[in-house]
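The structure appears right after this line, and notes come after that.
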Amino acid sequence: MPLPIGDTIGILADNLRMRKSVLPVSAKGAAAWAKGLGLPRGGETVIYTGLMYQMIPYIAAMNKVQGMIEDSRLANFVGLGRYINRAVNISAFMAVPPKGTRQSFNRVLVNIALLLKQAGLEFGCLYEDDLYSGALIYDLGMDDVLADHARKVYGALKKHGVRNVITVDPHTTHMVRSVYPDLIKGYDLNVKSYLEVLAERDIDPRAGLSGEVAVHDSCVYARYENMLNQPRTLLAKAGIAVREPADTGRFTLCCGGPAESLFPKKAAARARARVEQMKEAAPRGVTMCPICYVNLQKAAGDRMIIEDISSYLVRAYCK
């Protein structure tokens with residue numbers, strides 16, 4: 001049988017309500033990427049990760065387990081699992097990603113910080129107060145849980161004197177720029193994606209790149225946040241030939257996420273379809289969302305190289 005939707009969503013909502021995150025990412029682990037960068041704690045302008053990149057290895061590990069449970073008799077016990085999870089965080093036992101995978105996603109955040117420094121930005125970090133944005137709960141419609149959590153995130157930002165927020169992914173950008181203002185009275189934060197900041201600064205590359213890449217647009221950036229030109233401009237300025245797959249821009253084909261939390265097999269099929277479109281456009285692909293990155297990379301296997309856009313940008317603008 002398929003995964004029971006109510007109990008599956010309920011486990012994630014319970015985790016957010018009780019543990020401030022849908023999956024077991026510790027505060028220390030969430031801030032590990034910033035070690036050695038010398039970023040001040042808080043300040044008027046901060047980089048806010050919303051834990052998306054840090055959480056992806058755990059989501060991938062969890063989805064692997066869910067894929068084995070889906071359409072098996074074990075799906076009958078998800079309700080019992082939710083009951084147990086309220087007392088003992090069973091997600092911590094089900095989602096155990098390899099250390100190397102965690103480090104690779106942390107590297108994306110390091111790249112983004114280096115790019116912002118290269119652009120002349122002065123910014124801080126929230127470290128252990130860099131809380132999950134609640135994006136998945138929003139996508140799954142748990143509005144009552146989200147509103148309470150959004151106030152916690154906003155409180156953490158205000159505690160550190162933050163006025164300007166630089167985000168690192170589309171889901172977090174959408175949450176703190178477009179969703180939170182409707183949930184929090186008096187919301188007054190200025191929010192921009194790091195890609196918008198870099199494009200506005202019009203920085204020059206220090207090393208020219210070559211080759212061509214198929215750009216996969218994030219659904220959230222393209223449809224809700226009007227973020228289309230900035231990544232293309234930054235790549236083209238670095239010397240990369242940008243190729244457009246079918247169903248691009250505002251009509252971009254979804255990577256399959258966040259449906260992987262409820263329908264792992266259907267999400268995987270959608271990701272494979274998107275990889276085929278990208279392969280027809282160029283031998284390499286670029287993403288700008290951690291969910292897109294992990295879904296498409298897994299679907300591509302060794303048939304196509306897919307990288308996060310920060311990997312290209314840091315090679316061009318920071319070397």
Scanning region 157-188 for residues that are surrounded by fewer than 18 Cβ atoms within 10 Å (Cβ to Cβ) and free of Cβ contacts under 8 Å to residues at least 40 places away in the same chain gives K158, P181, D182, I184, K185, G186, Y187, D188
Against the condition out of contact with any Asp or Glu (no Cβ under 9 Å at 6 or more places or on another chain), surrounded by fewer than 18 Cβ atoms within 10 Å (Cβ to Cβ) and more than 30 Å from G155 (Cα to Cα), how does E212 come out, does it pass? yes
Please specify each residue of region 220-250 satisfying the condition of being buried (at least 21 other Cβ atoms within 10 Å of the Cβ) and over 18 Å from Y317 (Cα atoms). V220, Y221, M227, P245
How do the pairs read when you match residues in region 27-40 that are under 12 Å from A113 (Cα atoms) with residues anywhere that are polar (S, T, N, Q), using Cβ under 6 Å and keeping only pairs 6 or more apart or on different chains? W33/N106
Working carefully through the options T173, T233, find the one that is modelled with pLDDT of 95 or more, in contact with a helix residue (DSSP H, G or I) (Cβ under 9 Å, 6 or more places away or on another chain), part of a helix (DSSP H, G or I) and in the same structural domain as E122 (by TED's automatic domain parsing). T173
Determine which single condition P245 fails, assuming it passes every other condition in (1) under 26 Å from T49 (Cα atoms); (2) modelled with pLDDT of 95 or more. (1)
Would you say D217 is in a loop (DSSP other than H, G, I, E, B), among the charged types (D, E, K, R), touching a residue at least 24 places away in the same chain (Cβ under 8 Å) and surrounded by fewer than 22 Cβ atoms within 10 Å (Cβ to Cβ)? no
Sort out for me the helices (runs of 4 or more DSSP H) sitting completely within region 263-319 that have 3 or more residues that are over 19 Å from L136 (Cβ atoms) and in contact (Cβ under 8 Å) with a residue 12 or more places away in the chain. 264-281, 309-317
Would region 273-280 turn up any residue that is out of contact with any strand residue (DSSP E or B) (no Cβ under 7 Å at 6 or more places or on another chain), hydrophobic (A, V, I, L, M, F, W, C) and over 19 Å from H171 (Cβ atoms)? yes
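Here is a yes/no grid of residues against (1) at pLDDT below 60; (2) in the same structural domain as Q103 (by TED's automatic domain parsing); (3) crowded, with 21+ Cβ neighbours inside 10 Å; (4) not charged (D, E, K, R):
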position: K28; (1), (2), (3), (4): no, yes, no, no
position: G43; (1), (2), (3), (4): no, yes, no, yes
position: Q54; (1), (2), (3), (4): no, yes, yes, yes
position: I59; (1), (2), (3), (4): no, yes, yes, yes
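The values are calculated or read from the model by the stated rules, or taken from the named source; none is laboratory data. Quantities reported herein were computed from a predicted structural model and do not represent experimental measurements. Note: ideal-geometry Cβ built from the backbone for every residue, glycine included; neighbour counts use all protein chains shown.
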